[in-house]
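Participant: The structure's right below; bear with me while I get my questions together.
The values are calculated or read from the model by the stated rules, or taken from the named source; none is laboratory data. On a predicted model such as this, the values are computed, not experimentally measured, just so you know. For neighbour counting, all protein chains shown are included, and Cβ atoms are generated from backbone atoms with ideal geometry for every residue, glycine included.
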Amino acid sequence: MKYYMIDAFTDTVFKGNPAGVCLPEAELDDVAMQKIAAENNLSETAFAVKQDGYYDLRWFTPEVEIDLCGHATLGSAYVIMNFVDTGIKEIRFESKSGTLFVRRKENLYELDFPARKTRKTAVTAEMEQAFGVKILEAYILNDSRELLLLLENERQVKNAAPDFDLVKNLASHAVTITSQGEQVDFVSRFFAPNMGIFEDPVTGSAHTGLIPFWSERLNKNRMTAIQLSKRGGNIICEYCGERVKIAGNAALYLEGEILADDTKDYH
């Protein structure tokens, strides 16, 4: 089975967010996909299976399957457009989050994802203890499994030192901290310790909520963003009502083949 490692939301290897992309000829057993993702030990490994006119796409962390992943979708599109269906400019993916599109615009790959809205909730002492910083406002994303915490400035987002034992108790899925940016419209960091991801380098799925949030606050639909992880990543954003567009570059780090028997029962 062909396997690629792509650094997403960057044009330089060793930056952005690394994603594994597997291209099985037919869908694998769930247990096999989970074991491959654990063996790869990246935040997400994508499995893209070609169908008639589209690709089925699934994503796994080292511990669980998830229903949406931006950087591994971008990585999958990069692989397909450059090594499989070369020359195409748009890919349709069918996923657990519905139909997703990726369009190539010169050296950018633009994700077309469903937007997620937020609802305000109370700031708690536990939130501030978890990050060691004052939280201005707190929001729950519309799937109720993620928190979005607004901080005062970019410096606080960059320097926040989370206590992951406390972060685990804040939300079952993930916590994003964010503020208005200094050189870009907004900045963020993303933490999902309950899913085996202490800090994700660049998180496309988080921006499905961040983009509507900041579009309303800044009164603009087109924005730029940086995720302030150690590796960092640059994201071009657009709010389109029920959808968001998330664009970035990608860089090939590794091309190879997984030699494990993909027909074997891994239970």
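Participant: Quickly run through the stretch 97-116 and pick out the residues that are buried (at least 17 other Cβ atoms within 10 Å of the Cβ), of a type outside the set (D, E, K, R) and part of a loop (DSSP other than H, G, I, E, B).
Facilitator: SER97, ALA115 - these are the residues of the stretch 97-116 that are buried (at least 17 other Cβ atoms within 10 Å of the Cβ), of a type outside the set (D, E, K, R) and part of a loop (DSSP other than H, G, I, E, B).
Participant: Still on this structure: Which one of these is in contact with a Ser or Thr (Cβ under 7 Å, 6 or more places away or on another chain) and at pLDDT 95 or above: PHE93, PHE131, PHE113?
Facilitator: Among PHE93, PHE131, PHE113, only PHE93 is in contact with a Ser or Thr (Cβ under 7 Å, 6 or more places away or on another chain) and at pLDDT 95 or above.
Participant: Condition (residue is assigned to a strand (DSSP E or B), in the same structural domain as LEU23 (by TED's automatic domain parsing), in contact (Cβ under 8 Å) with a residue 12 or more places away in the chain and among the polar types (S, T, N, Q)) applied to the stretch 80-96: is it met by at least one residue?
Facilitator: Yes, the stretch 80-96 contains at least one residue that is assigned to a strand (DSSP E or B), in the same structural domain as LEU23 (by TED's automatic domain parsing), in contact (Cβ under 8 Å) with a residue 12 or more places away in the chain and among the polar types (S, T, N, Q).
Participant: For the stretch 117-127, what are the residues that are part of a strand (DSSP E or B) and surrounded by fewer than 19 Cβ atoms within 10 Å (Cβ to Cβ)?
Facilitator: Result: ARG119, LYS120, THR121.
Participant: Continuing with this model, one more query. Looking only at residues that are among the acidic types (Asp, Glu) and in a strand (DSSP E or B) in the stretch 53-67, which one is modelled with the lowest pLDDT?
Facilitator: Keep residues of the stretch 53-67 that are among the acidic types (Asp, Glu), which gives 56, 63, 65, 67.
From what's left, in a strand (DSSP E or B): 56, 65.
On the way: ASP56: 98, GLU65: 94.
The qualifying residue modelled with the lowest pLDDT is GLU65.
Participant: Among the candidates ALA130, ALA161, single out the residue that is in contact with a Gly (Cβ under 6 Å, 6 or more places away or on another chain) and not in a strand (DSSP E or B).
Facilitator: After ruling out the rest, the residue left standing is ALA161.
Participant: Tell me which residues, restricted to the stretch 3-46, are over 20 Å from PHE83 (Cβ atoms), exposed (fewer than 14 other Cβ atoms within 10 Å of the Cβ) and aliphatic (A, V, I, L, M).
Facilitator: The one that is over 20 Å from PHE83 (Cβ atoms), exposed (fewer than 14 other Cβ atoms within 10 Å of the Cβ) and aliphatic (A, V, I, L, M): VAL31.
Participant: List pairs: first in the stretch 47-69 and closer than 18 Å to ILE80 by Cα, second part of a strand (DSSP E or B) and of a type in the set (Asp, Glu), Cβ under 6 Å, 6+ apart or cross-chain?
Facilitator: Pairs found: VAL49/ASP56; TYR54/GLU94; ASP56/GLU94.
Participant: Show the residue pairs meeting these rules: Cβ distance below 7 Å; 6+ apart or different chains; first residue within the stretch 241-262 and within 19 Å of ASP7 (Cα to Cα); second residue of a type in the set (S, T, N, Q) and not in a strand (DSSP E or B).
Facilitator: Note: pairs meeting the criteria are ASN249/THR10; ASN249/ASN107; ALA251/THR10; ALA251/THR12.
Participant: Let me ask something else. Among the residues of the stretch 175-197, what is the count of those that are within 22 Å of PHE131 (Cα to Cα) and assigned to a loop (DSSP other than H, G, I, E, B)?
Facilitator: Adding up the residues that qualify gives 3.
Participant: Only residues in the stretch 115-131 that are closer than 30 Å to GLU238 by Cβ and without any contact (Cβ under 8 Å) to a residue 40 or more places away in the chain count as the first member; pair them with residues that are hydroxyl-bearing (Ser, Thr, Tyr) and surrounded by 15 or more Cβ atoms within 10 Å (Cβ to Cβ), Cβ under 8 angstrom, at least 6 apart or cross-chain, and list the lot.
Facilitator: ARG119/TYR139; LYS120/TYR139; THR121/TYR139
Participant: Now for a separate question. May I ask you to list the residues in the stretch 143-162 that are surrounded by 14 or more Cβ atoms within 10 Å (Cβ to Cβ) and in contact with a helix residue (DSSP H, G or I) (Cβ under 8 Å, 6 or more places away or on another chain)?
Facilitator: The answer is GLU146, LEU147, LEU148, LEU149, LEU151, ALA160, PRO162.
Participant: For the stretch 47-63, what are the residues that are surrounded by 15 or more Cβ atoms within 10 Å (Cβ to Cβ) and out of contact with any strand residue (DSSP E or B) (no Cβ under 7 Å at 6 or more places or on another chain)?
Facilitator: LYS50, PRO62
Participant: Since VAL157 meets every condition but one in (1) touching a residue at least 40 places away in the same chain (Cβ under 8 Å); (2) more than 21 Å from the chain's Cα centre (by Cα), which condition does it not meet?
Facilitator: (2)
Participant: Failed condition for SER188, given (1) modelled with pLDDT under 95; (2) crowded, with 19+ Cβ neighbours inside 10 Å, with all others met?
Facilitator: The one condition SER188 does not meet is (1).
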